[in-house]
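*Asks:* The structure's right below; bear with me while I get my questions together.
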């Protein structure tokens, strides 16, 4: 049996995979599982991805950024190879990208992304795709890198609603008082997240800090993401006031306590309340995540909930970004951290 510190049990393994002389029924089951696995995991050459990747022409050499290069044959998987006219190094469209040296075809990425954009749990995606949990975790880390700066360009405008929602730190990080009792309410045991949406369907969310929102933190996360002069609808949170003044926003406030119990159609804060609820549901579906990764989860949540809303259009964007963004992450790098 193969042995590796990075290896987890494969979805194609059975109790008889490494048995020297399996019984007939054991061999039949093992062969069946292997066939199902290979049907789900075609090799790179048989996946048809060469045609897709060869339709994308590089803009410049990924090694030296020189714009001049020439065709230089193909790889064993049929991917176009190029040679730079300046540094003379060879490359393909995936060189120095998150698809560099990939062994699992892009077709599997598409199925993985569909699961993500349809709000499946990571564990269920792993099982459905017959991938090990470490493979799914590796792909997820790549997706986070693609979306690392995704929210930088989001600008809420026209009619904007803002609020805060909170999520607990993990149990081992819970802070307690000198007498051993835990802090309650909006304390350092709660992570504060600012969230905003507008009437065009755009969503923005960022970590503000721990405990109650502060004027400085609210200003910092929203100041570059709400268009000056917009209308802002919000509750009576005091930390919003400096933001309203700085951006010259037309402010409409509601007492959230007085709105409790109203049906959604009559509640003026329904859009932002819905965003907060959906964010909580999203985090609860992955509640064992490391809180240090919360910014990545918020970027993913924002991408899922922002236009385009069709998951297939989102996949098209991801495939474009993954072949044009010079970032790399090897399997070993991911799991050796």
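*Asks:* Could you tell me how many degrees, from 0 to 90 and to the nearest 10, lie between the Cα long axis of helix 133-146 and the main elongation axis, the longest principal axis, of the Cα atoms of the chain?
*Replies:* 60
*Asks:* Working out 0.36 nm times the residue gap between residue 255 and residue 335, then minus their Cα-Cα distance, what length gain in nm do you get to one decimal?
*Replies:* Computed gain between residue 255 and residue 335 is 24.1 nm.
*Asks:* OK, next. Please express the Cα-Cα pair-distance distribution P(r) of the chain as a list of whole percents, one per 20 Å bin, running from 0 to the bin with the greatest distance.
*Replies:* 24, 47, 25, 3
*Asks:* Along Cα→Cβ, 7 Å out, is where each label goes; now give me the distance between the ones at residue 65 and residue 100 in nm to one decimal.
*Replies:* Modelled inter-label distance: 1.6 nm.
*Asks:* Compute the angle between helix 311-324 and the longest alpha-carbon principal axis of the chain, please, reported from 0 to 90 degrees and rounded to the nearest 10.
*Replies:* Tilt of helix 311-324: around 70 degrees.
*Asks:* Tell me, what is the FRET efficiency for residue 75 and residue 292 to the nearest 0.05, using R0 = 56 angstrom and their Cβ-Cβ distance as r?
*Replies:* Between residue 75 and residue 292 the formula returns 0.90.
*Asks:* Using R₀ = 30 Å, calculate the FRET efficiency as 1/(1 + (r/R₀)^6) where r is the Cβ-Cβ separation of residue 310 and residue 26; round to 0.05.
*Replies:* In this case the efficiency is close to 0.10.
*Asks:* To continue, here is another question. Which residue fluctuates the most in the chain, going by a Gaussian network model with Cα springs under 10 Å, if the choices are 15, 62, 311?
*Replies:* Of 15, 62, 311, the Gaussian network model singles out 15 as fluctuating most.
*Asks:* A follow-up question, please. Of 233, 203, 169, which is the most mobile in a GNM of the chain whose springs link Cα atoms less than 10 angstrom apart?
*Replies:* Residue with maximal mean-square fluctuation among 233, 203, 169: 169.
*Asks:* Nearest 5 percent is fine: what portion of the DSSP beta bridges confined to segment 155-305 is antiparallel?
*Replies:* Counting DSSP beta bridges with both partners in segment 155-305, the antiparallel share is about 70 percent.
*Asks:* Using the alpha-carbon atoms, what tilt in degrees (0 to 90, nearest 10) does helix 270-284 show relative to the longest principal axis of the chain?
*Replies:* The two axes meet at around 40 degrees.
*Asks:* Helix-only estimate, please: 222 nm mean residue ellipticity of the chain, summing -39500 (n - 2.57) across DSSP H runs of length 4 or more and dividing by its residues, to the nearest 500.
*Replies:* One gets -10500 deg cm²/dmol as the mean residue ellipticity at 222 nm.
*Asks:* Considering only DSSP beta bridges whose two residues both sit in the chain, what percent are antiparallel, to the nearest 5?
*Replies:* Here the share of antiparallel DSSP bridges comes out near 75 percent.
None of the figures in this text is laboratory data; all of them are computed from the coordinates on show. The structure displayed is predicted, hence computed values, not measured ones. Glycine also receives a Cβ, built like all others from the backbone with ideal geometry; neighbour counts cover every protein chain displayed.
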